[in-house]
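Novice: This is the structure, below, for whatever I ask next.
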Amino acid sequence: GDTDSLFVRLPGRSKEEAFEEGRRIAREVTRSNPRPVELQIDKVYWPCCLVSKKRYVGHAWQGPGDASPVFDAKGIETVRRDQCAATQRLLRGALEALFRSGGDLSPAKRYLQQHAARMRA
């Protein structure tokens, strides 16, 4: 059936704590609503950037025991079919550099500057 998603911000929590809290919230919401309403935790995004409605990107963790996340983007230029492949790769590389750095912009800036220099050469 049709599903809707929602994001819950849990500042200061670890990935494991976010999954635990997500399961607790899902149980409470499911319990307090009539059937067939059921809330499930799907994944934890850490880090994550919410651009606008139906447009977000982040490292998606499928479970608390995951060794590494999956780059997941919805509605932004890295996945839109109206963008060329070079734009998609460039933006994805910059975002991955940003996410790996823990929010430090320097690696993403360096990545973009290197690619700009190659395009000018």
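The values are calculated or read from the model by the stated rules, or taken from the named source; none is laboratory data. All values reported here derive from a predicted model rather than from experimental measurement. Ideal geometry is used to build each Cβ from the backbone, glycine not excepted, and the neighbour counts take in all protein chains shown.
Novice: Would you check which residues across the stretch 54-88 are outside any strand (DSSP E or B) and aliphatic (A, V, I, L, M) and list them? I'd like the intermediate steps shown before the answer.
Specialist: Just the residues of the stretch 54-88 that are outside any strand (DSSP E or B), to begin with: 54, 62-69, 75-88.
Correct list: Ala67, Ile76, Val79, Ala85, Ala86.
Novice: Which condition number in (1) farther than 28 Å from Glu20 by Cα; (2) in contact with a helix residue (DSSP H, G or I) (Cβ under 8 Å, 6 or more places away or on another chain) is the one that Leu98 fails?
Specialist: (1)
Novice: In addition: Is there any pair linking a residue in the stretch 93-121 that is free of Cβ contacts under 8 Å to residues at least 12 places away in the same chain and not assigned by TED's automatic domain parsing to the domain that holds Cys48 to one that is among the basic types (Lys, Arg) and part of a loop (DSSP other than H, G, I, E, B), with Cβ under 6 Å and at least six apart or on different chains, and which?
Specialist: Close Cβ pairs satisfying both conditions: none exist.
Novice: Filter the stretch 50-62 for residues that are more than 11 Å from Phe7 (Cα to Cα), surrounded by 14 or more Cβ atoms within 10 Å (Cβ to Cβ) and of a type outside the set (Lys, Arg) and give the result.
Specialist: Those that are more than 11 Å from Phe7 (Cα to Cα), surrounded by 14 or more Cβ atoms within 10 Å (Cβ to Cβ) and of a type outside the set (Lys, Arg): Val57, Gly58, His59, Ala60, Trp61.
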